[in-house]
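Readers should treat all values here as calculations from the given coordinates under stated rules, not as data from a laboratory. Because the structure is predicted, anything quoted here is derived from the model rather than measured. Heads up, the Cβs are rebuilt from the backbone with ideal geometry, glycines too, and the neighbour counts pull from every protein chain shown.
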Amino acid sequence: MAKTSSLDALIEKLNSFSAENYWDLGKFVVERVIPAALKEGIFGDQVLKMMASVPGGKFPYSMLKQCQQLYTYYPDVKNRPLAEVFYFDLATKVDDSRRRKEYEKVAIDRKWTISELRKKIHDDEVAKRQDERTKFGFDLKERNIWSFDLPDPRFGKPNYKGRLHGQVVANALLYYTGPGAYIVDPFAGSGTLGDVIDVLPYFNDRKYKMYDIEPSDDRIARNNALQTGIPEQTGSVDYVFLDPPSDFFPHVGEPGFSAQAAKAETMMKLKGVIRETSRVLKKGGRVSIIAEPMAGEEFIDFPTEVSLLMKDLGLKPIGKVYLPRRSDTSRHHAEGFGVKMLASDCREMLTFEKV
C-alpha cells in the first residue's frame, strides 16, 4: 500500500489492540477502518483481508471478521447482562438475529455458563442437520466449504479411482438445478451423479445422461468427449457437471515436465469440452466444473484460467465452492529447481450460467 494512504496509520494502530479485546477491536474496524477504506474505494471484506496480509500483522482475517460481527450485532454489549464472551459466540456462530435473541434470553433466564450456551448452539445445529438430512436425504451444506469425512456409500462405486464424494454432487444439484431439469455428466466415472438422482427421492424428477470413455455400468454411454464432443442436441441441457479425469491435468515432477507445455495442453482439452458444454446448454443453463491449482516449475492457477475461458464462451460466474481433501495421500509436495513446491490440498467447484 502507498505510504500516503490514510489507512497506514490505522493499520499500524491495529497492532496496539489486545488479542482478547474483541469488542474494542470490532469498534475500531467498523467506525474507523471501514469508513476510511470506503473513501479510498476499498469495499466489503477486501480491507480486512488487506489488513491481515500486511507484514507483521497481528490479527488474521478470520479474527478481524469475527470482531466486526461482534460490534455490528452488539454495539451496546457493555450494557447487556451477559459477559462479552457470550455475545462473541452469538455473533460468530448464529446467523439469524431472531435465534440470537432467543439464545440470549434463555441464557439469562437459566443463568447459563458459556459452556452451556455453546453446547446448546452445537446441539441445535446437529439437530438441524439431522432434520435437513431427513428432508433431503444427504448432508446439506449452507456455506461455500464442502468438506466430508468419507464418501456416502450409496453414491459411486467403492475403490473406484477418482471417485467423487456423492455429497458434493447432491449439494450441486440442490443449488444449481430445478425440478424436471435435464442433466448431463460427460465424465461419469463410477456413476455417482446417476446414483444421487436414482437414490434420493428429492431428485427423482430430474432426468440425466451419463457418458464416459470406459463405462462402469449400463447407465453410462460410451463416449470420448475430447474426440466426439458431447452427444446432445444444441440448447437442450439444463445443467452439465464436469469433473475432468486426472489425466486432463499435468503431473508435476515427471521427467521433462514443462509448466507452459502442460498448461497449454490442459487448456486445449478444457476449451474443447467447455465449448461443447456451452453449445448443449439452454439459455440460462448452468455448468459446474471442478479444478485446482498446480505447483511445479511455476504456479498454474487453473480455476482462474477456467473462469477466463468460460467468460470468453459466454458463461458468467454464479458460484464458487471449496472442496478440501480430507484423507487423500496421493499428493505430496513436488521438488522443483531446488525448492519444495506446495501441492494443492483444496479443489474448487466453479459454477457458471449461459447468458
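A few remarks follow.
- For the chain, the relative contact order is 11 percent, taking Cα pairs closer than 8 Å that sit 6 or more residues apart in sequence and dividing their mean separation by the residue count.
- Computed FRET value (nearest 0.05) for HIS122 with LYS316, which takes r as the C-beta separation and R₀ as 35 Å: 0.35
- A straight chain from GLN260 to ILE108 at 0.36 nm per residue would run longer than the Cα-Cα distance by 48.5 nm.
- Where chymotrypsin sites (Phe, Trp or Tyr not before Pro) fall in DSSP loop in the range 1-56, at most 12 other Cβ within 10 Å: PHE43
- Partner lysines for LYS263 [C-alpha distance under 26 Å; skip if fewer than 8 residues away on the same chain]: LYS161, LYS271, LYS311, LYS316, LYS320, LYS340, LYS354
- Listed values (i) 22.2; (ii) 23.1; (iii) 15.8, entry calculated as mean projected area of the Cα convex hull in nm²: (i)
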